[in-house]
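Reading through the structure tokens given below for one structure.
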Amino acid sequence: MNSSMRTWISRNSLASHIAAASALFGLLVAGGATTVALWALTQQLDARSQAELAGKRDLLAHLLSEVPSSTAINENRHRFEDLLIGHDDLQLMFMGAASDQAIATFGPGASKGNVDSEIEPDEQSFRAWSAWSGQRQSKLQGTMSTADGLPIRFELALDRRHDVRLLSGFMNATLVGLPVLLLFVAVGAWLIARTALTPLRRFNRLAASIGAKSLNQRLSTTTLPLELAELAEEFNGMLDRIDKGYRRLQDFSGDLAHEMRTPVATLLGRTQVALSQTRSAADLQGVLEGNIEELDRLALLISDMLFIASSDSQASPLHARPLDLAQEARRVTEFLSLISDEKNLALVVTGEATIMGDSSLVQRAITNLLSNAIRHATGDSQIDVMVAEEGRHVTLAVSNHGEGLAPEEFDRIFDRFYRVDDGRARSSGGTGLGLAIVRSIMSAHRGHVRVESQQGVKTTFILVFPAVDPASAP
């Protein structure tokens, strides 16, 4: 098959493909059925001709038994001619037992000299014979005895021209009717396929109509067959994922613009004020120092957003290895000890457990939780970091005593840029992304984070990691 033919087939409609395949399959089936039918009809006609010849043979044997001798056959021609009445296609010939010369012939066009001279006296056989002109005959040859007991050879021949016409008519009718039948099959298959593929055209129209403002459209699966219903469900699921991703992107863009607007406006205002009149070197240095603080905040914001985007898209591979979770927590507490000492806070790590994780990411998640706990803890109190293995999970809980969270904030606290106290978070340099980063890190580790809090008493953030499978541990 050349490339142009393959291109034409690939660009043709699916309904046309089904119609062509149905027509080809129908041709194979009809051809096979016609061949079997022709063979069966031929066998039936042969069996009928043999049965007819066998019946005439029995009558012939009875007649010969009443003829005195072979020389009296011609004297009793009327009796043998009666045997052929109503059978213009039947021929009869008698020959001597030791001679190839015909003694008597009956019927139109009876053959002469065709009797097999090798036939034994008691043997009878059926033979199919075709002349060069295309004439077909079925013959029954053998030997019988007259009343005097002497053998005589005979040949009963049945002209099969009626059977030939019947077979020829069957083939002609098949050759004429088969293309018409295949055409009906192809057209019917095309119509059935086109009707069955109507939902696919609905898919096409829906896909063509989907835009940024119409991602909420869905396909109804109530009237679809099972195969297309499964496809529609997958298609709707894809639209759900695209819709959620698009909404997250919209929220991300809006939140990012909102967060960047404040430091940019601050930088612009300070610079404009500094340029509004002549300033001393000390004043300009103060402006630049303030600008550096805002630029640091912008750099931190951009870094955090890039990290979240990379974690959500799994663009960076996770370098997982066995980690002593308590040891990772102790490293973080040592790093943050100077900050905790300023508020006279004690950082206590308890418990032991091993996880499969990325050391830098796990430390960053613990750092964000401990920084948040230090920021909101009551002075002169203790922050507990408790590591435990609970069945198929390993947990790390960070608890601090402080104001706590309201129940309605438990889910929103992990959203990007969400702040319980917006003013205080900004003044302390926070970007509102710390807990969002923790959630992204836990998702990358196939775990999750949750919060438990009692307002005015205690707040606990819990990291839940999957336990290490002993079979997969190195």
Original post:
Is the shape of region 169-238 rounded, prolate or oblate, going by the alpha carbon gyration tensor and its root eigenvalues a ≥ b ≥ c, with a/c under 1.5 for rounded and a/b larger than b/c for prolate?
Top reply: prolate
Original post:
Between MET238 and ALA406, what is the FRET efficiency for a Förster distance of 30 Å, r being their Cβ-Cβ separation, to the nearest 0.05?
Top reply: 0.20
Original post:
If you add up the charges near SER69, with Lys and Arg at +1 and Asp and Glu at -1, over every other residue whose beta carbon is less than 14 angstrom from its beta carbon, what do you get?
Top reply: -3
**OP:** Pull out the extension gain between GLN382 and ARG194, defined as 0.36 nm times the separation in residues minus the alpha carbon to alpha carbon distance; nm, one decimal.
**Re:** 60.4 nm
Subject >> Global geometry of region 322-416, whether rounded, prolate or oblate, following the gyration tensor of its Cα atoms and the 1.5 cut on a/c >> reply: oblate
**OP:** Set the Förster radius R0 to 35 Å, insert the Cβ-Cβ distance between ASP148 and GLN50 as r into 1/(1 + (r/R0)^6), and round the FRET efficiency to 0.05.
**Re:** 0.70
**OP:** Using 0.36 nm per residue of separation minus the Cα-Cα distance, give me the extension gain between ASP415 and ILE210 in nm, one decimal.
**Re:** 71.0 nm
Original post:
Under the classification rounded if a/c is under 1.5, otherwise prolate if a/b is larger than b/c and oblate if not, where does region 198-287 fall, given a ≥ b ≥ c as square roots of the Cα gyration tensor eigenvalues?
Top reply: prolate
Subject >> Long-range HN-HN contacts of ALA346 with modeled amide H, under 5 Å >> reply: SER381, GLN382, ILE383
**OP:** Rounded to whole Hz and in sequence order, give me ³J(HN,Hα) for region 217-225 from the Karplus expression 6.51 cos²θ - 1.76 cosθ + 1.60, θ = phi - 60°, writing x for Gly and Pro.
**Re:** 6, 9, 8, 7, 9, 5, 9, 9, x
Original post:
Whose amide H sits under 5 Å from the amide H of ASP358, counting only residues 5 or more places off or on another chain, with H placed in the peptide plane?
Top reply: ARG321
Original post:
Using modelled amide H (1.01 Å from N, peptide plane; none on Pro or chain starts), what sits under 5 Å from the amide H of ALA353, excluding residues fewer than 5 places away?
Top reply: LEU325, ALA326
**OP:** Grab the Cα-Cα distance for PHE184 and THR34, subtract it from 0.36 nm times how many residues apart they are, and report the gain in nm with one decimal.
**Re:** 52.2 nm
Original post:
Once you list every other residue whose beta carbon is under 15 Å from the beta carbon of THR271, what net charge do they have if Lys and Arg are +1 and Asp and Glu are -1?
Top reply: -2
**OP:** Under a cut-off of 29 Å between alpha-carbon atoms, report the lysines in cross-link reach of LYS244, not counting same-chain residues fewer than 8 places apart.
**Re:** LYS213
**OP:** Calculate one ³J(HN,Hα) per residue across region 339-350 by plugging θ = phi - 60° into the Karplus curve 6.51 cos²θ - 1.76 cosθ + 1.60, and present them in order as whole Hz with x for glycine and proline.
**Re:** 5, 5, 5, 4, 9, 6, 9, 9, 9, 10, 10, 10
Subject >> For region 360-372, 3J(HN,Hα) per residue [Karplus equation, 6.51 cos²θ - 1.76 cosθ + 1.60, θ = phi - 60°, Hz, x = Gly/Pro] >> reply: 5, 6, 4, 5, 5, 5, 5, 4, 4, 5, 5, 5, 5
Subject >> Net +/- balance of residues flanking SER359 in space, Cβ distance below 11 Å, scoring K and R +1, D and E -1 >> reply: 0
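Taken together, the values in this text are just the output of simple stated rules run on the coordinates, not laboratory data. Being a predicted model, the structure only gives us computed values, none of them experimental. In this analysis, Cβ positions are derived from the backbone assuming ideal geometry, glycine residues included, and neighbour counts consider all displayed protein chains.
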